[in-house]
Amino acid sequence: MKKKTLTGKDLITVGIYTAIYIAVIFCIGAFNAIPFLYPIFLFVGPAVAGIPMMLYYVKIEKFGMLTIMGIICAVFFYIAGYTWICLSIMIPVSILSDVALKIGGYKKFASMAVSFMIFSLGIMSGPANLWFAGEQYWDNIRESMGEHYAEQLAKFMPTWMLPVGIVLIFAGAFLGALLGRKMLNKHFKKAGIA
């Protein structure tokens, strides 16, 4: 009988895949230095991250592994300057993604895909700062990136991008899950995932 509590091996797995996820999102997010690419990131980020994340999902058999990953990501992005908003988005969606995976079944691709779509909503914590963190956040953008960048960012990321961004994230995460499944098909078969 397998232990239901997280083991040291589970925590090492969490650490490895958290580092990979942060690296992928951070590298793709660097393209946000070009304001018109910011909305595209909301689709491409989860689409690319879905490939290593599906390999991670194959290894998840216990509740809490996504929650811990989400907390680590939230703290990382908070330290990187994404304010309290990243904590208030990333932590709840990581808990919800853990719940969705547990309810749906750890060895079912559909529940993995839905869970990853929920988890990917954490990406919204970056642009959410543009709409909810206040003028001080915009002042920081102007100071670090310049007035022209801030104007262009406001043009390409208006408030109505919130619902559009959620749709883009869901679509990108679903595509990422499919790509991950396709690329890692032998791992899925070995793990007995339908």
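If a residue has to be out of contact with any Leu (no Cβ under 6 Å at 6 or more places or on another chain) and under 23 Å from M161 (Cα atoms) to count, how many in region 101-118 make the cut?
Step one: list which residues in region 101-118 are out of contact with any Leu (no Cβ under 6 Å at 6 or more places or on another chain), which gives 101-110, 112-114, 116-117.
Among the residues that remain, those that are also under 23 Å from M161 (Cα atoms) are: 114, 116-117.
Adding up the residues that qualify gives 3.
Quick one: what pairs do we get from region 120-135, first residue in contact (Cβ under 8 Å) with a residue 40 or more places away in the chain, second among the hydroxyl-bearing types (S, T, Y) and open to solvent by less than 10 Å² (accessible area, probe 1.4 Å), C-beta under 9 Å, 6+ apart or different chains?
The qualifying pairs are S120/S97; L121/S97; G122/S94; G122/S97.
Take region 90-117 and flag every residue that is open to solvent by less than 40 Å² (accessible area, probe 1.4 Å) and closer than 18 Å to T18 by Cβ.
M90, V93, S94, S97, D98, L101, M112, S115, F116
Do you know which residues across region 48-70 are within 16 Å of S120 (Cβ to Cβ) and open to solvent by 10 Å² or more (accessible area, probe 1.4 Å)?
V48, I51, P52, L55, T67
In region 1-47, how many residues are within 22 Å of P163 (Cα to Cα), crowded, with 18+ Cβ neighbours inside 10 Å and among the aromatic types (F, W, Y)?
Total satisfying the criteria: 3.
Which residues, counting only those in region 146-177, are part of a helix (DSSP H, G or I) and hydroxyl-bearing (S, T, Y)? I'd like the intermediate steps shown before the answer.
Of all residues in region 146-177, those part of a helix (DSSP H, G or I) come to 147-156, 161-177.
Within region 146-177, just Y149 meets the criteria.
Being over 17 Å from F36 (Cβ atoms) and hydroxyl-bearing (S, T, Y) is the filter here, so list the residues in region 135-158 that pass it.
Result: Y137, S144.
Note down all Cβ pairs under 6 Å where the first residue falls in region 147-169 and is closer than 16 Å to I40 by Cβ and touching a residue at least 24 places away in the same chain (Cβ under 8 Å), the second is open to solvent by 50 Å² or more (accessible area, probe 1.4 Å) and in a helix (DSSP H, G or I), and they're at least six residues apart or on different chains.
Listed pairs, sorted by first residue: F156/F36; L168/F43.
Evaluate the following for V75: is it of a type in the set (A, V, I, L, M) and more than 12 Å from the chain's Cα centre (by Cα)?
Against the criterion (of a type in the set (A, V, I, L, M) and more than 12 Å from the chain's Cα centre (by Cα)), V75 qualifies.
Looking only at region 73-88, decide whether some residue is open to solvent by 20 Å² or more (accessible area, probe 1.4 Å), within 25 Å of P163 (Cβ to Cβ), touching a helix residue (DSSP H, G or I) at 6+ places or on another chain (Cβ under 6 Å) and without any contact (Cβ under 8 Å) to a residue 40 or more places away in the chain.
yes
The values are calculated or read from the model by the stated rules, or taken from the named source; none is laboratory data. The structure presented is a predicted model; accordingly, all values stated were derived computationally and were not measured. Don't worry about glycine lacking a Cβ; one is built from the backbone with ideal geometry, like all the others, and counts go over all protein chains shown. Accessible surface areas use protein heavy atoms only, side chains included; no ligands, DNA or RNA. Shrake-Rupley method; radii C 1.70, N 1.55, O 1.52, S 1.80 Å.
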